[in-house]
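The structure appears right after this line, and notes come after that.
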Amino acid sequence: MGSALENYVNQVRTLSASGSYRELAEELPESLSLLARNWSILDNVLETLDMQQHSLGVLYVLLAKLHSASTANPEPVQLIQLMRDFVQRNNAEQLRYAVCAFYETCHLFTEFVVQKNLSILGIRILSRAIDQIRQLDTQLTPIHADLCLLSLKAKNFSVVLPYLDTDITDISTVAAECKTQQQQQSQHTVDANNDAKYFLLYYYYGGMIYTAVKSYERALYFFEVCITTPAMAMSHIMLEAYKKFLMVSLIVEGKIAYIPKNTQVIGRFMKPMANHYHDLVNVYANSSSEELRIIILKYSEAFTRDNNMGLAKQVATSLYKRNIQRLTKTFLTLSLSDVASRVQLSSAVEAERYILNMIKSGEIYASINQKDGMVLFKDDPEKYNSPDMFLNVQTNITQVLDQVKQINKMEEEIILNPLYVKKALGSQDDDLTSQHPKTFSGDPTD
């Protein structure tokens, strides 16, 4: 081991032993380039450090290994195992002094396993990393987006769904946590603007995951958060989310879901770049499955390029279902062949399949007489007077009250925030200036 690396090890040991973690976290970034240049002997460095006692030192060795992965071409299984050992054995308190480096390590690790087609091996590792670094169960970290990406690549959603189901009340921002560290770094810096990137990616990927598991209402909410995030310019992430938002809107509501009027980016930038999707929306409104099939076929190349062809097929399926639901409001009985004809399905057999699936999912209430091929449409049997329904209503009321408490708490925190108070007072001064221009502008005619 070279003298420079020996100095690194001695520095990590000495400052860790004295508990000077802040000082160590401020000095270690300067050693990153040294570690990266000596990637071939970093395993020797790791042998001299303990993951629990010297977590900061091990973190930067791991970060250097991941930075060098493209040129060093390390054994994937060994590097993945090293990352797994680190998140299981490190000292989380030490990591809080180098949150920025920890986030970047997770980002690079995600890129590495995706490149090696080993995404499924990284899911549990990033789940553990999130649990370690977040301060609240409802806090969003940049690593959440990485976990969502790995889950999408692996098509395995069992681990990520509990995170997505948890409503976010707090956001961990790289810019705030890494400000001091970035000032200390000379050759290695992290773009603080990545805060917005990983925020948008979390809701974009989350919407895709909910779409994959056919939880369309939740998917619509995630896409809505992504496209309505305040912005001065359009992000490519927001544009792709907008395309999916339009299609999921049709599945959930049969039209474009409500969008707040203050989202100027949508009208100015997104709509002109999503013409194919707006054509789809317009044709859907005609309730003609044949016209919709033609428009999907017409733009199939564009939908395939955007990885939205599967979603377009779900839109077509939703129109068949919506048209069948319309029949329940007009007819008491219909033959399967009449249903197929009216909703433009290819055969009575296909109509029967749709109706049975809709009955099973509770989308309609009906029965089929197999003998004569007739469908009997029924009213909703729920009378809203059962103990289960009472419990359900009570649970929903409790959830609403809890959300109201959370909103009031967040509002109080914002109102008492010194930055908010300063900005609010500044706005009031500006208003006074505009109302009394002669008094404040030094008008020479005064």
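The values are calculated or read from the model by the stated rules, or taken from the named source; none is laboratory data. Quick caveat, the model's predicted, so the values are computed rather than measured. Positions of Cβ are generated from backbone atoms using ideal geometry, with glycine treated the same way; all protein chains shown enter the neighbour counts. These accessible areas exclude ligands, DNA and RNA; they are computed on the full protein's heavy atoms, side chains included. Shrake-Rupley method; radii C 1.70, N 1.55, O 1.52, S 1.80 Å.
Worth pointing out:
- Potential extension, Ile414-Asn396 segment - 0.36 nm per residue separation minus Cα distance: 3.8 nm
- Karplus-derived 3J(HN,Hα) values for region 90-98, using 6.51 cos²θ - 1.76 cosθ + 1.60 with θ = phi - 60°, are 6, 9, 4, 5, 5, 4, 5, 7, 9 Hz; glycine and proline are entered as x.
- The fraction of Cα-Cα pairs per 10 angstrom bin, counted from 0 for region 214-322, comes to 15, 50, 30, 5, 0 percent, rounded to whole percents.
- Whether region 56-165 is rounded, prolate or oblate, judged on the alpha carbon gyration tensor where a/c under 1.5 counts as rounded: oblate
- Springs between Cα atoms under 10 Å define the GNM used for the chain, and in it the highest mean-square fluctuation of Val404, Val12, Val160 occurs at Val404.
- The aspartates and glutamates within cross-link reach of Lys271, meaning a Cα-to-Cα straight distance under 17 Å and a gap of 8 or more places when in the same chain, are Glu224, Glu240, Asp279, Asp306.
- Between 0 and 90°, nearest 10: helix 236-253 axis offset from the chain longest Cα axis: 30 degrees
- Overall, region 202-283 carries a charge dipole of about 80 debye about its Cα centre when +1 sits on the Cβ of Lys and Arg and -1 on the Cβ of Asp and Glu, all other atoms neutral.
- Theoretical gain in end-to-end length, Gln81 to Asp170 [0.36 nm per residue, Cα-Cα removed]: 28.9 nm
- Principal-axis tilt of helix 99-115 within the chain, Cα atoms, nearest 10 degrees: 60 degrees
- Tensor-based shape of region 80-123 (alpha-carbon gyration tensor, a/c under 1.5 rounded, otherwise prolate or oblate): oblate
- Share of carbon and sulfur in the accessible heavy-atom surface of the chain [1.4 Å probe, %]: 51 percent
- Within region 237-324, trypsin sites (Lys or Arg not before Pro) in DSSP loop having at most 10 other beta-carbon neighbours inside 10 Å: Lys261
- Solvent-accessible area per residue in the chain equals 55 Å², computed with a 1.4 angstrom probe and all protein chains kept.
- Close amide H partners of Ile171, meaning residues 5 or more places away or on another chain with modelled amide H under 5 Å apart, are Leu140.
- Among Glu413, Glu240, Glu217: highest mean-square fluctuation, GNM of the chain, C-alpha pairs under 10 Å: Glu413
- What the phi angles of region 382-395 give under the Karplus curve with 6.51, -1.76 and 1.60, with θ = phi - 60°, is a coupling list of 5, 9, 6, 10, 8, x, 5, 5, 4, 5, 5, 5, 4, 5 Hz, glycine and proline written as x.
- Dmax and Rg, reported as Rg then Dmax, of the chain (C-alpha, Å): 28.3, 96
- Set Lys197/Lys243; Lys383/Lys405; Lys197/Lys313; Lys197/Lys409 screened for pairs whose C-alpha atoms are more than 23 Å apart: Lys383/Lys405; Lys197/Lys313; Lys197/Lys409
- Percent of C-alpha pairs per 5 Å bin, region 331-377, short to long: 5, 25, 34, 28, 7
- Between region 202-244 and region 1-68, the Cα center-to-center distance that results, in Å: 39 Å
- Using θ = phi - 60° in the Karplus curve 6.51 cos²θ - 1.76 cosθ + 1.60, the 3J(HN,Hα) couplings for region 68-84 round to 8, 4, 5, 9, 7, 6, x, 5, x, 4, 5, 5, 5, 5, 5, 5, 5 Hz; x is entered for Gly and Pro.
- Amide hydrogen proximity for Ser335: with H placed 1.01 Å from N in the peptide plane, the residues at 5 or more positions away or on another chain lying under 5 Å are Val375.
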